[in-house]
Structure formats: C-alpha cells, structure tokens
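Chemist: The structure that follows is given in the form of structure tokens.
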Amino acid sequence: MKIRIIYSLVCFLFIGNLLAQQTPAPKQTQDYSIEGATAHLGNGNVIENSLIMFSNGKITFVGKAEMRIARIGKIIEAKGKHVYPGFIAANTSLGLAEIDAVRATRDFDEIGSMLPHIRSIIAYNSESKVVETMRPNGVLMAQITPRGGVISGTSSVVQLDAWNWEDATLKTDDGVHMNWPNVFARGRWWMGEDPALKPNKNYQKNIQNIKDYFNNAKNYLAGAKTSMNLPYEALKGIFNGNQKLFVHVNGPKGITDAVKTLKEYGVKNIVIVRGRGAEKVADLLKTYNVPVILERAHRLPGDEDQDYDLPFRSAKILTDAGILVGLGMEGDMERMSTRNLPFYAGTYAAYGLGKEKALQLITQNNAKILGIDNLAGTLEVGKDATLFISEGDALDMRTNILIEAFIQGRKISLESHQTKLWKRYSKKYKNQ
C-alpha cells in the first residue's frame, strides 16, 4: 500500500511539473562576460567580435573583444554566434487570454465603450502557457493591450519571466488605447443589407461622440467636479503628456481626422496603431511627430488598386519619410503568433528595409514608442541586461536558435511545453 502511495505521489509531481509554467529565474548574483559574438546593438550598429559584460542586472561594458579589459564573472565564449537585445512586442493581448474557445480565459475586452480606467496589467497572467513560448524566439518583453469599445483602457509593458504581474511590470499604464471609427463599413447581411463596403453613414456622429466625451473629461479635470469620475480621471495623463494615446485606425482619412481632432483637443502624445494607408499621409505624421506601430506584413493589400507587395514595403516607406516605426501584433491568433515577431520584422527587412533597420522595429523603436528606452531596446551601458545569444540571424526562422537568454541579468529558461513535446517525440521517432 505504501509503495502504491509513493508511486502515486511521484506520478502526481511528474505530471504537475509537465503542466506547470517554468519557474522564474532568481535575481542575478553571478556576473557574465559574453565574448566573441557579433553584437547587434539594436540602434543600427553592429560590433564584430564583441565583448558584452553585465552585473547586477545592468550592462556594464559593450565594445570590442580585442580591448584589454578585465572580464567579469562567468565568460561565455560565443565566437560565431550573435547577440541581440531582447525583442519587444508592441500592441499584443498576450497574457490576457489563454484559449480563445474558452470564454472564461479571455480577459482582454470589458463591457462598455468608454473605458479609459480599465487597466490591462491587473488581468495579466504571468503563468500563461502562451507567454512561456515567446522566450525561445527572443521575445522577452511586451506591451499588454486591452481590446474592444471606443476607448479600450490602458496598456502596460512587462518582461516575460515573472511570478506575477507586479514582478513583470516594466512600465505601468504607459498609454490609453482608442479605436477610431471606421470611415467605411459593410452592410449587415443578416439584416438584409448590402454587404459591400460603403461610406460609414455614422462616421461623423461617432466622431462627435468622442469629441463630446473629451469635452466632458476636460471640463471635469479643469475643476468642474461634483463627484469622483474614474474614467475622466484616467484621461488626465493624455492631456498633460504623461501618457500616450494609442489610436487604432486604418486609412488616410481616418488617420488624418484622428490626428487633427485629437491635437485640437490637446492630446500631446499620439501613436497611430495598425496604420494601413499611413504612407499616404506621411507628411502629416512627420509634421505632428506621430509614430506608427505597424501590424504584421503578412496580409493582403487593403485596396484593389494597391501594389500586391505594399504591406511588405510599408515599413520602408514610412522609415524613409522620417517617421518612427514600430511593430505590433494585433490580429488573428495574435497571442500565439507573437512568438513570430522577429520573423515578421524579417519580412520587412527583405522588402527594402534591411536587417539592422528591421531589427530596430522590435528593439529601439518599440522601446522609444512605449517609453522604456531608458531600460531596454539597445545594448548600451546602464540599460537592463535583457538580451540573448542566437546561433545565427534572429530574424530568420531557420537560424533563430537561442542558446542563452537573460532578462535583467537573470539567466532564464528557454524551455516551454512546446520544446518538451518536441524533445519527447524526437526521441520517439529516433528510436524507431
């Protein structure tokens, strides 16, 4: 009987270990020196035969390995390998849902239309099985973004190896997210309407609703308070410049209307998200210094008369126009697909942007747009030691093979339930 109980306990612990999320790495206590790798700094510069050292979670040296300087701690020989700053995924609902088909696991869209006070960070599940699959591809940070409504709520930026949302947070409530009304709309076929795309007859009415809401919020914040109004209080940051307003909008007219209207109402820092057609209003975006977080390039053109490869070239066009461009993950299967962030950047690289510029989309540029460039985005002295070593080009799925990864100097696990299954079945078929 005792033996049976012991076997049952061992089996229970084994199964629990298979199902559990990887244990977050402890605080860095050992110093590291990475020597000999090609270092991609994330700002467009590359150092061949590099030396990178970090201690207490911060980078202490970045330079040439030939320099006569004492190495610190454990030396990682990385000749022939590549070192990158940790990739940053913008505009993703990662950690806010686990299984799309199970409604109880979806926590990214609250009921209501004007919800600036909804904070996505407190719903973030650091033990998500999806989150752990990001790290083996070098995606080590993400902007956790709510969805739905006209004003969806606030996003926050996290690192992807944590016990809970408090441990994960890099920047709390970095911005408020708004869905701008669609200029065009399809008819409701289930009500007998023509399903073809037509001008949205409620477009101006929807914009007026936004204007009215902002007017009420500004009046409230100016002192016309009879009682506490949490939604209006949550908009204070976009008016005083402490927060950014991320406007999810497509089409040249929608982008133009959004930027001009919001500037008129005193919104200081605007970021265009998705931004299909942004290349047609690049001058406007540059004039108002408005960055763009593009969506994935793997999509069809929005209009019949557009070049078939326009989605692939959009990052190049906007970058050449002098606009700060980042890369987001909103769309179908966005949480699971976030692990492919570097490969989407690689697509933009192949269509004119070039490897180091494309790398900037998911490192330096995303860090600047999200307001964490003082901590991450580039390999620089004083920044967090959030980086990884790859066998080859990290923007190419064939050679993005991580051998080491660190978040704030902590050596993290690159295992996930997927890698465990891969190893398990590799052995199965190898033995047949």
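Chemist: Over the Cα atoms of segment 100-188, what radius of gyration and what Dmax do you get, in Å?
Modeler: That works out to 14.7, 46 Å for Rg and Dmax.
Chemist: Quick one: which of Lys198/Lys286; Lys64/Lys316; Lys211/Lys268 span more than 20 angstrom between C-alpha atoms?
Modeler: Lys198/Lys286; Lys64/Lys316
Chemist: Using Cα centres only, tell me the gap between segment 247-261 and segment 368-432 in whole Å.
Modeler: A separation of 36 Å, based on Cα centres.
Chemist: Then there's this: Expressed as an acute angle from 0 to 90° and rounded to the nearest 10, what is the orientation of the C-alpha long axis of helix 252-264 relative to the principal long axis of the chain?
Modeler: The angle comes out at about 80 degrees.
Chemist: Just need the relative contact order of segment 280-408 here, percent rounded to a whole number, with Cα pairs under 8 Å and 6+ apart.
Modeler: RCO, segment 280-408: 19 percent.
Chemist: Determine the calculated [θ] at 222 nm for the chain from helices alone, applying -39500 (n - 2.57) to every DSSP H run no shorter than 4 residues and normalising by the residue count; nearest 500 deg cm²/dmol.
Modeler: -8000 deg cm²/dmol
Chemist: Viscosity 0.890 mPa s, temperature 25 °C: Stokes-Einstein D of segment 75-226 from its Kirkwood Cα radius, in µm² per second?
Modeler: Reported coefficient: 134 µm²/s.
Chemist: If the cut-off is a Cα-Cα distance under 18 Å, which lysines reach Lys205, setting aside same-chain residues fewer than 8 apart in sequence?
Modeler: Lys253, Lys260
Chemist: If r is the Cβ-Cβ distance from Arg103 to Arg68 and R0 is 51 Å, what FRET efficiency results, to the nearest 0.05?
Modeler: Taking R0 as 51 Å, the efficiency between Arg103 and Arg68 is 0.25.
Chemist: Along Cα→Cβ, 7 Å out, is where each label goes; now give me the distance between the ones at Lys129 and Tyr265 in nm to one decimal.
Modeler: Computed distance between label sites Lys129 and Tyr265 equals 4.2 nm.
Chemist: Rank-order 291-298, 84-91 by packing density, defined as the average count of other C-beta atoms within 10 Å over each peptide's residues, highest first.
Modeler: 84-91, 291-298
Chemist: A follow-up question, please. When ligands, DNA and RNA are left out and all protein chains stay put, how many square angstrom of accessible area per residue does the chain have with a 1.4 Å probe?
Modeler: I get 48 Å² per residue for this part.
Chemist: Something else: If I take every Cα pair under 8 Å that is 6 or more residues apart in the chain, average their sequence separation and divide by the length, what percent do I get for the relative contact order?
Modeler: This gives 20 percent for the chain.
Chemist: Would you mind checking the radius of gyration and Dmax of the chain based on alpha-carbon positions, in Å?
Modeler: Expressed in Å, the Cα Rg and Dmax of the chain come to 23.4, 78.
Chemist: If you don't mind, there's one more thing I want to ask. If packing is taken as the mean number of other Cβ atoms within 10 Å per residue, what is the order of 49-57, 67-75, highest first?
Modeler: With the highest mean Cβ count within 10 Å placed first, the list reads 49-57, 67-75.
Chemist: Need one value: the accessible area of Val150 in square angstrom, 1.4 angstrom probe, rounded to the nearest 10.
Modeler: Accessible surface of Val150 is approximately 40 Å².
Chemist: Helix 417-430 against the longest principal axis of the chain: what's the angle in degrees, Cα atoms only, rounded to the nearest 10?
Modeler: 50
Chemist: Report, to the nearest whole %, how much of the accessible area of segment 285-432 belongs to carbon and sulfur atoms, 1.4 Å probe, protein only.
Modeler: 51
Chemist: Could you work out the equivalent-ellipsoid semi-axes for segment 289-432, taking the square root of 5 times each eigenvalue of the Cα gyration tensor, largest first, in whole Å?
Modeler: The equivalent ellipsoid of segment 289-432 has semi-axes of 29, 22, 13 Å.
Chemist: Determine the share of segment 53-123's accessible area contributed by carbon and sulfur atoms, expressed in whole percent, with a 1.4 angstrom probe.
Modeler: 55
Chemist: OK, next. Normalise the Debye intensity by I(0) for segment 152-257, one equal point scatterer per Cα, no solvent, then take log10 at q = 0.24 Å⁻¹ and round to two decimals.
Modeler: Treating every Cα as an identical point scatterer, log10 I(q)/I(0) equals -1.27.
Chemist: If I take every Cα pair under 8 Å that is 6 or more residues apart in segment 221-351, average their sequence separation and divide by the length, what percent do I get for the relative contact order?
Modeler: Contact order relative to length: 19 percent.
Chemist: Okay, next question. Helix 203-221 against the longest principal axis of the chain: what's the angle in degrees, Cα atoms only, rounded to the nearest 10?
Modeler: Between the helix axis and the principal axis of the chain, the angle is about 80 degrees.
The values are calculated or read from the model by the stated rules, or taken from the named source; none is laboratory data. None of these values were measured; they are calculated from a predicted model. When we count neighbours, we look across all protein chains shown, and the Cβ atoms used for this are built from the backbone with ideal geometry, even at glycine. Keep in mind that these areas ignore ligands, DNA and RNA; they rest on the heavy atoms of the full protein, side chains included. Shrake-Rupley method; radii C 1.70, N 1.55, O 1.52, S 1.80 Å.
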